[in-house]
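Read the figures in this text as sums done on the coordinates, not as results from a lab. Being a predicted model, the structure only gives us computed values, none of them experimental. Please note: Cβ atoms are built from the backbone with ideal geometry, for glycine as well, and neighbour counts cover all protein chains shown.
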Amino acid sequence: MRMVASASVLAVATAAASPALAAGTASGTTITNTVSIDFRVGGVNQNAVTASDSFTVDRRVNLTVAETGTTTTSVSPGQTSAVTTFTVTNASNATLDLALAATQLSGGTAAHGGTDNFDVSGISLFVDTNTDGDYDVGVDQAVTYLDQLIADASRTVFVVANVPLGRATGDVAGVRLTATSHEATTAGSLGAVVTQTAGANTAGVDTVFGDTNANGNTARDGIHFGVDDYTVSAASLTAVKTSRIISDPFNNTTNPKMIPGAVVEYCVAVSNATGSATATNIAVSDTLPAATTFDSTFGVFLNGTVTSGVCNADGTAGGGHAAGVVSGTLSDIAAGVTRTLVFRVTVN
């Protein structure tokens, strides 16, 4: 009597619940594979034979820090709380704490061109608490690390600093934001620095660094940085003061001379250089010489123009005089524009 057996094989993989992450299956997930063998003997179904194998998904640590946007942050000399913005992403398959540090370039080419040639001051880091993408004073929280950032999550981090006075248009300050992977051991406390597992695969959760060398980073060190910069856009004002004689008591307006009783017209011409930022709130203050008297009948004229170095009589009445000081506020002066303040005095 000959017995014939037939068998069929069905392999089924089952795992503990785990999210579908861009970074892959969550670290620590147990993946179990069970095989079932069905067969017959003498045409009769027999009890299935099964076998299983399990392994634990290891931790792949990957993180990125990138400038938010593609342009430099334009700043003015003396500006406070100037903001550059970064996106910090935990691209790992596990929750991490990420320590943050902002540093400045020391010369060299900045992120958006130009040469780094000055440092900002008072650097602070803030996380976008209300996730609106803008730095909100009194709302966004000052941080030194991102606490328990889950896999695939990103946070917006603001680098906030002050720009010194005296910087010229085109000056550049480069900044770098660096994130370092730490264990997410306890909420509200920065964990220990993550270390990569050495040697062969273990039965537990091993750690593998998977960060890349993009944009000058070092590959597979659990650290990543991004760069941005501040570029100064400054007004470059110059002032020229001229005088011309209008009349004297004897010659009137015909070839007048600078004698006592003569009327002299002063013109203060304020110019902003080509390529500069628009100057605003331009307050002119001119103390009269002791040997002169302000001509109140003429007054003060503002926002006139200049042709070939000569002030034109096209300003509008404004400004004033008090205690021997002539003053006036000029309208905004854009790059390449000149505006004037004109007044007259009598020689004592």
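Near the amide H of Ser92, within less than 5 Å, lie the amide hydrogens of Asn62, Asp152, all on another chain or at least 5 residues away, with H placed in the peptide plane. Pairs of Cα atoms in region 249-348 fall into 5 Å distance bins, from 0 up to the last occupied one, in shares of 3, 13, 21, 21, 18, 13, 6, 4, 1, 0 percent. Using the Cβ-Cβ distance between Asp132 and Ala219 with R0 = 41 Å, the FRET efficiency computed as 1/(1 + (r/R0)^6) comes to roughly 0.75.
With a cut-off of 14 Å between beta carbons, the residues surrounding Thr305 carry a summed charge of 0, where Lys and Arg count +1 and Asp and Glu -1.
Can you tell me the convex hull volume per residue for region 10-156, based on C-alpha atoms, in Å³ to the nearest whole number? In region 10-156, the Cα convex hull volume per residue is 169 Å³. Within the shell of other residues whose beta carbon sits under 10 angstrom from the beta carbon of Thr129, the net charge comes to -3, with Lys and Arg scored +1 and Asp and Glu -1. Using only the Cα atoms of region 108-153, each taken as one equal point scatterer with no solvent, compute I(q) by the Debye sum, divide by I(0), and report log10 of the ratio at q = 0.20, 0.32, 0.33 Å⁻¹. Result of the Debye calculation: -0.86, -1.14, -1.18.
For region 202-288, the percent of C-alpha pairs falling in each 5 Å distance bin, counted from 0 to the bin holding the largest distance, reads 3, 10, 10, 8, 7, 7, 6, 6, 6, 5, 4, 4, 4, 4, 4, 4, 3, 2, 1, 1, 1, 0, 0. Summarised in one figure, the compactness ratio Rg/Rh of region 23-90, Cα atoms and Kirkwood Rh, is 1.55. Kirkwood radius and radius of gyration were both taken over the C-alpha atoms of region 242-306, and their ratio Rg/Rh is 1.07. If the only charges are +1 at each Lys and Arg Cβ and -1 at each Asp and Glu Cβ, what is the size of the charge dipole of the chain around the Cα centre, to the nearest 20 debye? So the dipole magnitude of the chain works out to roughly 460 debye. When the alpha carbon coordinates of the chain are projected onto the principal axes, the ranges are 150, 37, 35 Å, largest first. Phi angles of region 187-197 translate, via the Karplus equation with coefficients 6.51, -1.76, 1.60 and θ = phi - 60°, into HN-Hα couplings of 4, x, 9, 5, x, 6, 4, 6, 10, 7, 6 Hz per residue; Gly and Pro are given as x.
Percent of Cα pairs in region 157-259 per distance bin of 5 Å, from zero to the largest separation: 2, 8, 10, 9, 10, 8, 6, 6, 5, 5, 4, 3, 3, 3, 2, 3, 3, 3, 2, 1, 1, 0, 0.
Electrostatic bookkeeping for Asp140 treats Lys and Arg as +1 and Asp and Glu as -1; over the other residues with beta carbon under 14 Å from its beta carbon, the sum is -3. Evaluated with a Cβ-only charge set (Lys, Arg +1; Asp, Glu -1), region 33-159 carries a dipole of roughly 480 debye about its Cα centre, given to the nearest 20. Averaging the sequence gap over all C-alpha pairs within less than 8 Å and six or more residues apart, then dividing by the number of residues, gives the chain a relative contact order of 15 percent. Once both labels are positioned 7 Å from their Cα atoms along Cα-to-Cβ, the gap between Ala101 and Asn252 label points is 8.2 nm.
Using only side-chain charges placed at the Cβ, +1 for Lys and Arg and -1 for Asp and Glu, the dipole size of region 230-345 relative to its Cα centre rounds to 140 debye. Note on Ala291/Val337: beta-carbon distance plugged into 1/(1 + (r/R0)^6) with R0 of 35 Å gives a FRET efficiency of 0.55.
Computed over region 293-348, the P(r) tail beyond 15 angstrom holds 50 percent of alpha carbon pairs. For the pair Ser36 and Ala313, the difference between a 0.36 nm per residue extended length and the Cα-Cα distance amounts to 89.6 nm. Which shape class applies to region 69-160: rounded if a/c is under 1.5, otherwise prolate when a/b exceeds b/c and oblate if not, where a ≥ b ≥ c are the square roots of the Cα gyration tensor eigenvalues? Prolate shape, in that a/c is at least 1.5 and a/b is the bigger ratio.
Sequence-ordered 3J(HN,Hα) estimates for region 289-306 from the Karplus curve with 6.51, -1.76 and 1.60 and θ = phi - 60° stand at x, 4, 8, 10, 10, 4, 8, 6, 6, 7, x, 10, 10, 10, 6, x, 10, 10 Hz, glycine and proline given as x.
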